[in-house]
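Participant: Here it is, the structure in full.
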């Protein structure tokens, strides 16, 4: 049977079996190499209140929240997009593709 991609959509290469990871949005079990990791900064305080506190010299803590998303959820959220065949061969920088 023909393959659509040489890597079968994974990053593992020829390493054998991998652990399964649960998607944080839909709960699907996905191989670890197929997961799309998204890291965002999160501040527990309202942005307007945080600006006022920063002006007065307060330090506002921010936390990094990392989410593991399956391909379906990453496409749905707009983190990755489906590219035409010619564009798939081009190497794009990590992160959100240019719109």
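Participant: Binned at 10 Å from 0, what are the whole-percent values of the Cα-Cα distance distribution for the chain, short to long?
Facilitator: Answer for the chain: a P(r) of 12, 32, 29, 15, 9, 2, 0 percent.
Participant: Given R₀ = 30 Å, FRET efficiency for residue 40-residue 15 by Cβ-Cβ distance, to 0.05?
Facilitator: Once the sixth-power term is evaluated, E becomes 0.55.
Quick note: the coordinates plus some simple rules give every number you see, no bench work behind them. Because the structure is predicted, anything quoted here is derived from the model rather than measured. Neighbour counts are summed over all protein chains in view; Cβ atoms, including those assigned to glycine, are modelled from backbone coordinates with ideal geometry.
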